[in-house]
Amino acid sequence: MFNQLLRLAKHSIVYGLGAAATSIVSFFLLPMYTRFLSPADYGILAIFNATISVMYVISYLGLGASLLQFYVEADNEQEKKEILSTVFIFLTAINLIICIVPMVFAKEISQLVFHSNLYTTHFRVMFLTIFFDVGVYIALSIFRAKQKSVNYIAVSLVRLVMTTFLNVLLLGVLHQGVLGVLEATLISLIVLYAVLIASLIKDMKLQLSITKLKKMLLFGLPFVPADLADWLLSLADRYFLQFLSTSQQLGLYSLGYTFGSMIGTLITAPLALVWQPFLISIAKNKDAKQIYASTFTYFLLVGVFVFLGLSLLSQEVIHAMTTSPFYDAYKVVPLVALAFLLEGCYLVFEGGIFLVKKTQYIPLVMGMATVVNLALNYFLDRRFGMEGAAIALVISYATMPIAMFFISRKLYPVPYEFDRVFKIIIAAVPIYVGGIFIKNHSVLIDGLLRLAICLTYPILLYSIKFYKSEELVKVKIIYVNVLGLIREWRIKHL
């Protein structure tokens, strides 16, 4: 069992390192964004990013999940090529319509969303971005299916470097504003599309299998309403703030959301990339359910630690990385981080749904959470602004893992280690409470004190006997091996 968990951890860490690189670059870009974009501009950029996200859901038609499921389960290489070819041809044809046709009406869309024609070109760039992203997404999905996490991250890092360079050029040097940020994304995708499609064609038969397409659509289409609900959950609050509050509140919330969502970037997203292929690959193992249970425990162990760091250090980091108009963004970071931690719990509980292929339950859960989210945003955003949006986010995200746990328990029961989960909570609460009461010193001293109290987390867990004896033995072995590698490297190079 431990070897399987190590395999999951290895791929998750690789994906996580890529995500960490993205987050680090984003940090360094923040001073540029907050100097060359006003809070209102930052809010407009958030609207475009939110719109791109919902268009992704429509353009993929749930076939991303289907491609992973059917490709991993395929018995031979010819069948894999047929599956890949079918998805690529179908999505390319559909997206020529989905993305190209709206470009004709970009002026009307700009008028509808912003009550101005100034953003017509912005919308045209956005639609082209969506089209080219589909091909890149398929190529990256194949890397995930083959569990080639290094290849996946290599492509992602190349995209990151190109996008960063173009952002600096178009926004920082040429002062293109929001349009420059959107154009940077488009140009990098066009380059990657040209490179990756050439390699994809080698793995395809260039034929469309109607039989396979029907099966994959039957499996994948339930993800469309589920993903639309997920989009509403995570991004509809931007529109509520735009129309019920102010662009200033929207800009502050978007920045705070960026910080809080790092728990998703660093922990949840890497797990999501490897989780479905991993589930399927070990489903027939005798100890599969125990592995799934341990995965949940370890996810919370790491996720809560990251939550504490983000929540308690966000004020100091935002002060260091941005300008004074953005300082209040820290107020929503803990709530947003908690929401993304809850989303990770939902992701793990969702595994049973994939294994029994009962994906029709996913849109039901997401739909319920979406209704809660929309209702709360409507009533809270007008009165409480960005804090209301953050509260709505947490409550609606909490409904997801709760509902999915009870559904999955009936379809595929897993013996989760809730006694250990309780110990994680017991350790985290005093650290968080103690951290928020550290104030009235300089920003640097407050930050150092909060960092110190965060680092007591593993010690508190040890004091309440969270760790199993075999885990401590494994950690000790890993520690000794790492020291040995460091010693060998020093002997060879120093």
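Quick note: the coordinates plus some simple rules give every number you see, no bench work behind them. Since we're looking at a predicted model, the values are computed, not measured. Here Cβ is always computed from backbone atoms with ideal geometry, including for glycine, and neighbour counts include all displayed protein chains.
Tell me, how many Å apart are the Cα centres for region 352-374 and for region 214-273? Centre-to-centre distance over Cα atoms comes out at 15 Å.
Estimated at 0.36 nm per residue, the fully extended path between VAL173 and GLN111 surpasses their Cα-Cα distance by 19.4 nm. Which whole-angstrom value gives the distance between the alpha carbon centres of region 26-102 and region 275-341? Each part's Cα centre sits 23 Å from the other's. Just report the Cα centroid separation between region 391-408 and region 135-149, whole Å. Computed from Cα coordinates, the inter-centre distance equals 29 Å. This structure gives Rg/Rh (Cα atoms, Kirkwood Rh), computed directly, and of (1) 1.02; (2) 1.07; (3) 0.96 that value is listed as (3). With helices as the sole contributors, the chain gives -28000 deg cm²/dmol at 222 nm; each DSSP H run of n ≥ 4 counts as -39500 (n - 2.57), and the sum is divided by every residue.
Under Stokes-Einstein, with the Kirkwood radius over Cα pairs standing in for Rh, what whole-number D in µm²/s applies to region 313-437 at 25 °C and 0.890 mPa s? Translational diffusion coefficient: 148 µm²/s. When only the Cβ of Lys, Arg, Asp and Glu is charged (+1, +1, -1, -1), the dipole of the chain relative to its Cα centre reaches about 1140 debye.
A protection proxy built from the mean count of other Cβ atoms within 10 Å ranks the segments 290-297, 41-48, most packed first, as 41-48, 290-297. Rounded to the nearest angstrom and listed largest first, the equivalent-ellipsoid semi-axes of region 370-448 from its Cα gyration tensor are 31, 25, 7.
Each Lys or Arg adds one and each Asp or Glu subtracts one; over the other residues with Cβ under 14 Å from the Cβ of ASP419, this totals +3. Peptide packing for 125-133, 442-450, 252-260 was compared via the average number of neighbouring C-beta atoms within 10 Å per residue; ordered from the highest value, the list is 252-260, 125-133, 442-450.
First check a/c for region 63-220, with a ≥ b ≥ c the square roots of the eigenvalues of its C-alpha gyration tensor; if it is under 1.5, answer rounded, and if not, answer prolate when a/b is larger than b/c or oblate otherwise. The shape class here is oblate.
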